Structures are given as C-alpha cells and as structure tokens.
Amino acid sequence: MDAGCPRLPDSVLFEIFLYLDHADVLSVGLVCQQWRAVARDEFLWKELFYRYYRVSRDVPRHPGALRGAGLIPGAAPAVSPGWRLRSPRSALGPPLSRWWKPGTRLGCVTIWSNELDISLQHSSNMRPYNWSYTQFSQFNSDDSLLLVSGVFVGPHNSSSGEIAVISMENFTLLSRVRNKPYDVFGCWLNETNLISGNLHRIGRITSCSVLWLNNAFQGIESENVNVVKRLFKIQNLNASTIRTVMVADCSRYDSPDLLLDYEEQLAASSTCPVFDLGSDSEEEEAKPKPPPEPAVQELPDAGGVPAEHGLQQLFDDIMEGRVGPAMTETELETKVAELFVRNRTKPPEPNLLPTDSNSKTKYLIFTTGCLTYSPHQIGIKRILPHQMTTAGPVLGEERRSDEFFDSLDHVIDIHGHIIGMGLSPDHRYLYVNSRAWPRDCIISDPMQPPPIAEEIDLHVFDLKTMKEVKRALRAHRAYTPNEECFFIFLDVSRDFVASGAEDRHGYIWDRHYNICLAKLQHDNVVNSVAFSPVEQELLLTASDDTTIKVWRSPRAVRVRQARRPRPRKLLFSWLMNQKS
C-alpha cells in the first residue's frame with residue numbers, strides 16, 4: 001500500500017471483512033501485513049464459523065474442537081482417497097488398536113498394520129469352520145486378542161453366529177464360541193473375557209435371550225476351571241430379540257460435557273417385561289415347562305390381583321368365553337407371557353447412575369424391543385463386579401423362584417428402527433443410528449412393523465445422566481425397507497463422529513457442534529467406517545463397491561509426505577561421477 005495513502009483503521013477493515021465469506025477473507029489476507037493481521041482475527045473467524053455452519057449462537061466455542069478443515073479426514077479433494085484396499089463386500093467393527101481388521105463377506109479375516117504406510121499383516125480363511133462370512137471384529141483393551149464375529153452355517157442350513165478369538169502375538173486361533181442370533185455380534189468385557197448370546201424359542205413370537213460370559217482361552221484352560229458362565233436371562237416379547245451387545249466402562253468418564261443442551265425428560269420408556277421358559281443348554285431349543293412354585297410374597301398386577309391369580313383368571317375367562325373381543329393367537333401368547341413372568345423377575349438394580357462409590361461399574365448395552373421384531377429400544381443392564389469373571393457356578397448366581405428372570409435396569413425408546421450404535425472413546429456418550437417410524441403409528445401385528453423413514457437420525461445419549469442430547473445429527477440416508485434393513489456401523493473419535501449410509505457416501509460430523517464436515521464418496525452403499533485409534537485424522541470407509549478407502553486430512557497428508565525419505569541428489573551425483 002502506498003505510503004501517501006491513509007490506511008483504513010483495523011475496526012473498519014474488520015466490519016468490511018464480516019461481509020465476506022471465508023474463502024474471500026483468506027484472499028484479502030494476502031494483500032498486505034495490515035489486512036493479513038485483521039484477516040487472522042479470532043473474533044472474525046468465530047463469526048464466520050457460526051455463520052457458515054449455522055451453529056446456534058447459544059452454543060459456546062469449544063476449545064480445540066474444530067480447528068479447521070485441515071484436520072478433517074477427506075476434507076480436501078486432493079487427498080480423497082489416499083488408498084484403496086480391495087475387499088469384496090467388506091465390513092469392519094470400530095478399531096481399538098494399532099491394527100486394522102476388516103472382515104469380508106467371503107469368510108476371511110484380514111489384518112493391516114496401522115502405521116504411516118498401511119500394510120497387510122495377516123489373513124485367515126474361516127470357510128473351513130463353516131463360516132458364511134465375517135461381520136464384526138473388536139480388539140481387547142491391551143491389543144493382545146482379536147474377537148471376530150461371523151455367520152455360521154449349521155445343520156439343516158440354519159444360520160446362527162460364531163465368535164472366534166485370535167491371538168495377535170502369532171495370529172493363532174485360540175477358541176470358538178457359539179453366538180445366536182449372529183447379530184448379537186459379541187464384545188469384550190475385559191482383557192480375557194467376552195460376551196456372547198444364545199436364543200431359546202418359546203412360542204411363535206416369544207423367546208428368551210441368554211447372555212454368556214466366556215473365557216478367551218477355552219482351548220488351553222484346565223478342565224477343572226470354568227470357561228463359561230451365564231450372565232443374564234431376558235425375556236423377548238413380540239418377536240423381538242437382543243442384538244448388538246457392547247460394554248461401557250464408567251471408570252473411563254473423563255471428558256467434559258458436550259456443548260449442546262439436554263432434554264429435561266429422560267429419553268426412556270417404561271421397562272420392557274422379561275420372560276423365559278427356555279433350557280439353559282446352548283445345544284437345544286427351549287421347551288415350555290410348568291411355572292415354578294409361587295413366591296411367598298406375590299407382586300400384584302395393575303388391577304391389584306397377584307400375577308399368578310391373573311394368569312389363572314385369564315385361563316378361566318378363555319374357557320368360559322368371557323374374553324371379548326376375541327383375542328388373536330399372537331395377542332393371547334403375548335398376554336400369557338406378560339402375566340406369567342410378572343412375579344418371576346428380579347427387580348432392576350438401584351442407583352443405576354455411576355457415582356464415586358461405583359465408578360468401576362460397567363454397563364451392558366444392546367438393542368431390543370417390546371412391540372415388534374425390528375430393534376427399536378436400547379436396553380441397559382449393570383454388570384456387577386462379581387459377574388465379571390467366569391469363576392463360580394456355570395449357571396451364575398442362585399435364583400429364587402421370584403427372580404428367575406432378569407429385568408432391564410434402563411430402557412431407551414427410539415421410536416424407530418435402530419441400524420447402528422457406537423460409544424465415544426471415553427464410553428460416556430452413546431451414538432445411535434435410527435430410521436424413524438411415523439409419529440402416531442400403532443403396531444397391531446409384531447410381524448409387520450411401521451414403515452421407516454429414509455432419513456437416518458444420529459441420536460446422542462449421555463450415559464452419565466441417562467439423558468438424550470437435544471439435537472440429533474442428520475445428513476445421511478437409507479432406502480431399504482424394514483425386512484431388508486441392515487446394520488450400518490458408525491465410529492466416534494475425540495472430536496468427530498462418522499457413519500456410513502446407503503446413499504453411497506460416508507459422513508463426518510463435529511461432535512461438539514453437531515455439524516456435518518465431510519461427505520466421502522463411494523460407488524455403492526457404505527456399510528462401515530472406522531477412525532484410526534491413534535490418529536483421528538485418518539478414517540477408513542468400507543463399501544459394497546468392494547473397496548475400503550483410507551481418507552487422510554490435509555495435515556496428515558503433509559506429515560506423511562514429510563516423513564517419506566527423499567533421495568539425496570548430491571550423493572547420487574557423486575556416485576554417477578565415480579562411475580564415469
């Protein structure tokens with residue numbers, strides 16, 4: 001700028017720059033030193049940030065949350081994608097290690113190193129064990145063991161699940177655990193124990209889910225040491241089942257509150273009833289058996305009549321034709337199950353919320369339901385310290401006749417089809433992908449759930465308070481109907497949350513401001529995403545287009561390029577001169 005021309009005051013430049021968008025502000029910052037200083041003003045960029053991302057002015061700035069597009073994986077077209085890994089119909093679980101472990105629909109387990117340059121470390125074929133395909137994987141907390149969940153084709157072409165445990169020291173298969181249904185997936189409780197499921201059919205729409213604690217080293221343990229123990233028995237009504245189990249560790253709650261406000265009301269419905277008449281054996285289907293002897297103190301139902309008497313009254317009314325209007329077979333089965341189990345259930349644990357005295361509490365979290373077969377509720381069950389080991393009786397603690405079943409400690413009703421769940425790194429926040437039902441829908445047949453929306457809502461729940469964050473994340477879409485709806489894995493890092501979608505894209509949001517930051521393109525459905533556990537600026541997306549794409553932020557690309565060894569021209573010239 002000419003010395004003879006008067007300079008505009010900084011305050012005037014500031015007001016002018018407020019009318020520009022962020023790209024123009026960067027451009028005018030190249031004019032001179034004064035304009036550069038004003039263009040770098042923090043208050044100016046705060047205003048541009050709120051305007052561009054349409055964040056509410058009531059939300060304060062989060063220190064270190066969103067520092068620029070240079071830290072977002074795939075934010076710049078020049079780096080999308082950095083790599084493509086060929087893997088037919090790939091699916092991978094959230095990463096917890098220095099390794100990557102996508103599974104494939106071809107029944108293989110492939111493991112890559114999570115170094116500067118990703119490289120294949122190991123591949124195992126699970127076809128010899130009658131696996132149709134692998135679907136989920138998870139490392140234990142010290143990265144020594146890998147849990148892999150797959151679909152097992154058993155006798156009579158009946159599909160159930162199986163969990164394999166692989167040692168990361170030498171990639172050997174340590175044990176295999178039955179898992180039914182297969183979309184329970186399984187998860188680690190601690191370094192050496194994992195949780196699996198089993199399903200016992202009672203009637204056409206009534207069943208019981210049994211959750212088991214398994215030792216990872218079943219094949220090499222002494223025959224005198226228990227390697228399995230029953231954790232919980234939970235009733236399923238109206239064709240629902242327990243699926244997608246995961247464990248939240250309350251001792252890891254160390255992050256500050258999210259910046260968004262919370263709903264005043266708990267995002268939970270009444271506790272779903274529980275019921276089971278099934279065998280404890282994993283090898284045979286349950287058969288109905290007579291009810292246990294009634295407890296000394298019976299629990300009355302809503303009408304003041306003990307549950308045992310209510311069941312007998314229902315039978316008498318049916319036999320004498322006093323039930324009207326006529327109940328369908330499905331309604332009768334559900335009514336009998338509800339009445340029968342009413343005084344056979346252990347009450348929920350008191351004081352579910354973690355305190356200083358129970359900071360070591362762990363929650364078992366899973367999808368469930370009580371109205372239809374599609375998962376529409378999240379069940380939460382506290383795992384007590386004495387339940388975290390396989391020591392003791394195989395069938396768990398002794399049960400009185402009035403505590404034959406386990407109730408849920410907390411239920412969150414989503415009012416829609418749940419298609420994905422993930423925990424924040426500190427296990428405080430639960431993120432849930434769902435497709436909403438119509439607002440005032442009525443479910444009259446559990447085998448015909450309501451239609452689901454194409455928009456995917458990403459809900460956020462604070463497990464410290466059991467409340468839902470007000471505003472759900474939304475940008476991604478899905479198109480399959482209820483009967484074809486499938487799980488879409490999501491992942492959460494310190495500052496970001498990512499999810500796949502059926503619209504051929506992966507998505508990244510800022511956790512603290514609830515804004516969509518990046519849209520990562522594929523040629524088919526993106527069914528899984530995973531952040532690097534050591535660097536949130538690296539993200540993997542797996543798609544039905546048979547590729548796994550590795551997305552790096554612009555900053556991560558620059559760091560990666562700077563670390564690559566460069567040829568030394570002087571040494572090369574000297575060698576050439578010596579040869580000549």
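The values are calculated or read from the model by the stated rules, or taken from the named source; none is laboratory data. Computed from a predicted model, the values in this text were never measured in an experiment. Cβ atoms come from the backbone with ideal geometry, glycine included; neighbour counts cover every protein chain shown. Surface accessibility is based on the protein's heavy atoms, side chains included, excluding ligands, DNA and RNA. Shrake-Rupley method; radii C 1.70, N 1.55, O 1.52, S 1.80 Å.
For segment 365-447, which trypsin sites (Lys or Arg not before Pro) are in a loop by DSSP, counting at most 14 other Cβ atoms within 10 Å?
Working: sites: Lys381, Arg382, Arg399, Arg400, Arg428, Arg435, Arg439; in loops: Arg399, Arg400, Arg428, Arg439.
Passing sites in segment 365-447 are Arg400, Arg439.
Pairs Lys180/Lys467; Lys180/Lys362; Lys180/Lys229; Lys229/Lys467; Lys381/Lys519; Lys180/Lys464: which are spaced more than 27 Å apart, C-alpha to C-alpha?
Violating the 27 Å limit, Cα to Cα: Lys180/Lys467; Lys229/Lys467; Lys381/Lys519; Lys180/Lys464.
Give me the extension gain from Thr389 to Tyr479: residue separation times 0.36 nm, minus the current Cα-Cα distance, reported in nm with one decimal. Provide the component values of the computation, followed by the final result.
Details: separation 90, 0.36 × 90 = 32.40 nm, distance 4.26 nm.
In short, 28.1 nm is gained.
Determine ³J(HN,Hα), in whole Hz, for all residues of segment 425-439 in sequence, where each value follows from phi through the Karplus function 6.51 cos²θ - 1.76 cosθ + 1.60 and θ = phi - 60°; x replaces Gly and Pro.
x, 8, 6, 8, 10, 10, 9, 10, 7, 8, 10, 6, 7, x, 4
Just grab the label-to-label distance for Glu535 and Ser251, each label 7 Å out from Cα along the Cβ direction, in nm (one decimal).
Going by the 7 Å Cα→Cβ label model, 3.1 nm.
By how many nm would the segment from Gln448 to Ala37 lengthen if fully extended, with 0.36 nm per residue of separation less the alpha-carbon distance?
Values: separation 411, 0.36 × 411 = 147.96 nm, distance 6.29 nm.
Residue separation times 0.36 nm, minus the Cα-Cα distance, leaves 141.7 nm.
What are the ³J(HN,Hα) couplings of segment 493-500, residue after residue, when phi is run through the Karplus curve with 6.51, -1.76, 1.60 and θ = phi - 60°? Round to Hz, x for glycine and proline.
Once rounded to whole Hz, the list reads 10, 4, 10, 10, 10, 10, 8, x.
Compute the length gained on full extension between Thr328 and Glu191: take 0.36 nm times their separation in residues and subtract their Cα-Cα distance, giving the result in nm to one decimal. Before the final figure, lay out the partial values.
On the way: separation 137, 0.36 × 137 = 49.32 nm, distance 4.84 nm.
Once the chain is fully extended between Thr328 and Glu191, it gains 44.5 nm.
If DNA, RNA and ligands are ignored and the probe is 1.4 Å, what is the ranking of Arg555, Arg494 by accessible area, most exposed first?
Working: Arg555 80, Arg494 150 Å².
The residues order as Arg494, Arg555, largest area first.
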